[in-house]
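Beneath this line is the structure, given in structure tokens, with notes to follow.
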Amino acid sequence: MAEQPHAEDAGHKPETLMEKIADKLHVGGGDHSSSSSDSDKEEHPRPSAPPAPAPAPAASEVTTASFAASASAAAADAKNKMFRLFGREQPIHKVLGGGKPADVFMWRNKHISAGVLGGATAIWILFELLGYHLLAFLGHALIFSLGVLFLWSNASSFINKSPPKIPEVIIPEDLVVNIALSTRHEINRAFANLRQIALGRDIKKFLIVIAGLWLLSILGSCCNFLTLFYIVFVVLHTVPVIYEKYEDQIDTYGEKGWIEVKKQYAVFDAKVLSKVPRGPLKDKKN
């Protein structure tokens, strides 16, 4: 009887050992799988590679572009430094004022320029060739205009037509004031220049003014004021257009002529003007 419990214990012992080994193997495998899954979850995605840089332009292309830019800049600089008549630095259109009168002189609108020049030509023919007088022309023109408008206004009710619409002309005060101020400024500047010339402080300007007045007196002896005004008007309608078209060629010849004039003036100054006594100069303020 004492041997039966011992036999039962011996039969149970190997089963418990196998179960323990199996349990340990099972637990170990589960821990390994769970740890591997956790490690897979903790892995972060790798960052994408940066985009490849754009290919740099070839050295020949860069050299060509820089050479073209420098050449254009040099050409523009040379054109700006080119000799211009009367030392001007702006286009001829800007020199003439840059507004509607300049557009007329430069023939920007051919119909308007042709109409203005044709009207001036008709006036010159009327007064110069036909011998018509200004006061007689103004009187006859006003008589004709007023007579036509008066008859039209009174006859409109009989002929079933609307009367003429005569615009109301009012000269603005600002326009008159601005013109008066501009004229006053130019006259004062002319008087100041004449005073400086009369004092003998600028011999070069004195000679230029004397030559201009002498040329004006010659033109005045050849033609009257109306003809002279018409000649100037025609010159303003022709010379600027021709100069704008052949600007570079004219400036080239002008530069050569100006250099020759400066040489002759230097000789004249050394032989004549340097020996002429000059007026007293103003004291310079320190």
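The values are calculated or read from the model by the stated rules, or taken from the named source; none is laboratory data. Model, not experiment: these values are computed from the prediction. We place every Cβ from the backbone using ideal geometry, glycine too, and count neighbours over all the protein chains shown. When the accessible area is computed, the model is the full protein with side chains, heavy atoms only, and any ligands, DNA or RNA have been set aside. Shrake-Rupley method; radii C 1.70, N 1.55, O 1.52, S 1.80 Å.
Rounded to the nearest Å, what's the spacing between the alpha carbon centres of the stretch 195-264 and the stretch 123-151? Just the number, please. What the calculation gives is 35 Å, centre to centre. Here is the link list: K100/K165; K100/K245; K204/K271; K205/K263; K205/K275; K94/K245. Which ones come out longer than 25 Å on Cα distance? From K100/K165; K100/K245; K204/K271; K205/K263; K205/K275; K94/K245, over 25 Å: K100/K165. Rolling a 1.4 angstrom probe over the stretch 142-286 with all protein chains present gives an accessible area of which 69% lies on carbon and sulfur atoms. Over all Cα atoms in the stretch 172-240, the spread is summed up by Rg and Dmax: 16.2, 44 Å. Applying a DSSP loop filter and a limit of 12 other Cβ atoms within 10 Å to the trypsin sites (Lys or Arg not before Pro) in the stretch 187-286 leaves R278, K282, K284, K285.
Counting 0.36 nm for each residue step from E244 to L130 and taking away their Cα separation leaves a gain of 37.5 nm. The mean accessible area for residues of the stretch 170-223, using a 1.4 Å probe and ignoring ligands and nucleic acids, is 82 Å² per residue.
Fully extending the segment from K256 to I159 would add 27.8 nm, taking 0.36 nm per residue of separation and subtracting the current Cα-Cα distance. Here r is the Cβ-Cβ distance between A270 and N193 and R0 is 25 Å; the resulting FRET efficiency, rounded to 0.05, is 0.45.
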